[in-house]
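Peer 1: Sending over a structure as structure tokens; questions will come in a sec.
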Amino acid sequence: MLAGFENKREALIPCLNTAQRWQHCVSREAAAFLAKETNTSLAEVYGVATFYHMLSEKPLGRNVIRVCDCLTCHVKGGPAILDALKEELGIEVGGTTKDGKVSLLESPCMGLCDIAPAIMVNDQAFGDLTPRRVRDIARAVRIGFTRRPSGSKRPRKGGARSKVSA
Ligand code: FES
């Protein structure tokens, strides 16, 4: 499992990311396994897992929408974006829809300030948002598709549609 890593500790973050993707969280079992495999303590594994906001000990939905709560996004309408998402999804920040498809989280600055207000849907960035656009994105995420908006910093290769876990 850790082949290719000279230092087993270097494997910790990639393995934690894999656990997050597969299990939608870093479970106790995964943390204990990684501690053993990387010759680190369980406390160290949890220290890393709790430092990175992309990792969660709590199970998340199949898709995660992160709303930036930093200054630039805030002054450019971030609170209205968050309210629209909460209303559209019927959940509060930290919650997951009953169908398990979407979790809603706040995030520190994601480096998308030039297209604020911005959100991330899994690993895709969306910016220059309005409450109406973000509602459309939330609905698209729930049915499994989303469209990359104009003004995005990271255009997707191979077409305008991209698959989101449904
Ligand atoms: S302040 Fe929102 S992405 Fe930087």
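Every number here is computed from the coordinates shown, using simple stated rules; none is lab data. Being a predicted model, the structure only gives us computed values, none of them experimental. Glycine gets a Cβ as well: all are built from the backbone with ideal geometry, and neighbour counts include every protein chain shown.
Peer 1: For the chain, just give the cysteines left without a disulfide-compatible partner, judged by no other Cys Cβ under 4.7 Å.
Peer 2: Here C15, C25, C113 come out as lacking a disulfide-compatible partner, given the Cβ-Cβ threshold of under 4.7 Å.
Peer 1: For the pair R9/A43, report the inter-label distance in nm, with labels modelled 7 Å from Cα in the Cβ direction.
Peer 2: For the pair R9/A43, the computed spacing is 1.5 nm.
Peer 1: Starting from the Cα of H53, step 7 Å along the direction of its Cβ; do the same at R21; then give the gap between the two resulting points in nm.
Peer 2: Result: 2.2 nm between the two label points.
Peer 1: Let me have the relative contact order for the range 42-137, percent, based on Cα pairs under 8 Å that are six or more residues apart.
Peer 2: 33 percent
Peer 1: Another question, then. On a 0 to 90° scale, report how tilted helix 131-143 is relative to the longest principal axis of the chain, with both axes built from alpha carbons and the result rounded to the nearest 10.
Peer 2: With rounding to tens, the tilt is 50 degrees.
Peer 1: Here is a further query. I want to check the label-to-label distance for E87 and C113. Put each point 7 Å from Cα in the C-beta direction and report it in nm to one decimal.
Peer 2: 3.0 nm
Peer 1: I've got another one for you. Counting only other residues whose beta carbon sits under 14 Å from that of R66, what net charge do I get with K and R as +1, D and E as -1?
Peer 2: Around R66, the charge tally is -2.
Peer 1: Moving on. What does the C-alpha gyration tensor say about the overall shape of the chain? Classify as rounded when a/c is under 1.5, otherwise prolate if a/b is larger than b/c, or oblate.
Peer 2: Because a/c hits 1.5 or more and a/b exceeds b/c, the chain counts as prolate.
Peer 1: For N63, what residues show an amide H to amide H distance below 5 Å, using hydrogens built from the backbone and excluding near sequence neighbours?
Peer 2: V102, S103
Peer 1: Quick one: angle between helix 42-51 and the longest Cα principal axis of the chain, in degrees between 0 and 90, rounded to 10, please.
Peer 2: Its long axis makes an angle of about 20 degrees.
Peer 1: Further, regarding this structure: Could you give me the ³J(HN,Hα) list for the range 96-113, computed from phi with Karplus coefficients 6.51, -1.76, 1.60 and θ = phi - 60°, whole Hz, x at Gly and Pro?
Peer 2: Ordered by residue, 3J(HN,Hα) equals 10, 4, 4, 7, x, 7, 9, 10, 10, 10, 8, 9, x, 3, 9, x, 10, 4 Hz.
Peer 1: Classify the range 1-42: rounded, prolate or oblate, from the alpha-carbon gyration tensor (a ≥ b ≥ c, eigenvalue square roots; a/c under 1.5 rounded; otherwise prolate if a/b is larger than b/c)?
Peer 2: Note, shape of the range 1-42 comes out oblate.
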